[in-house]
Amino acid sequence: MSDSKDQQLNFNFDPAKVPVLYADTYLIGSNDNVVTLNFAQAVPGSNRQHVVSRVALTFTQAKQFVETLNDHIERNEL
């Protein structure tokens, strides 16, 4: 998201090249500069998790992400 709520972003992607990955679990880490989100899938027959995606955000971006995700969930809850 950007600072301006009036600005409209245009996303282009090829679904064949950018698949939707299911995540059983997530792990959140951080340092002084960024928050890192690690999304993982369970490995059948074991207690292991296979990380399928990692996303790093600044703290400002992470706060905006949490707010946007919260708003989205609240609007779409039954």
Here P(r) for the chain, Cα-Cα distances in 10 Å bins, as whole percents, is 15, 32, 41, 11, 1
Expressed as a rounded percentage, what relative contact order does segment 4-61 have, with Cα pairs under 8 Å and six or more residues apart? 26
Between Ala56 and Asp32, what is the spin-label point distance in nm, taking each point 7 Å from the Cα along the Cα→C-beta axis? 1.5
How much length would be gained if the chain were fully extended between Ala23 and Val43, taking 0.36 nm per residue of separation minus their Cα-Cα distance, in nm to one decimal? 6.1 nm
Phi angles of segment 40-52, converted by Karplus (6.51 cos²θ - 1.76 cosθ + 1.60, θ = phi - 60°) into ³J(HN,Hα) in whole Hz with x for Gly and Pro, give 9, 10, 5, 8, x, x, 8, 9, 8, 10, 9, 5, 10
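Read-outs throughout are calculated quantities, based only on the coordinates presented, and are distinct from any laboratory measurement. Note that the structure is predicted; figures quoted are calculated from it, not measured. Because the Cβ atoms are built from the backbone with ideal geometry, glycine has one as well, and the counts that use them run over all protein chains shown.
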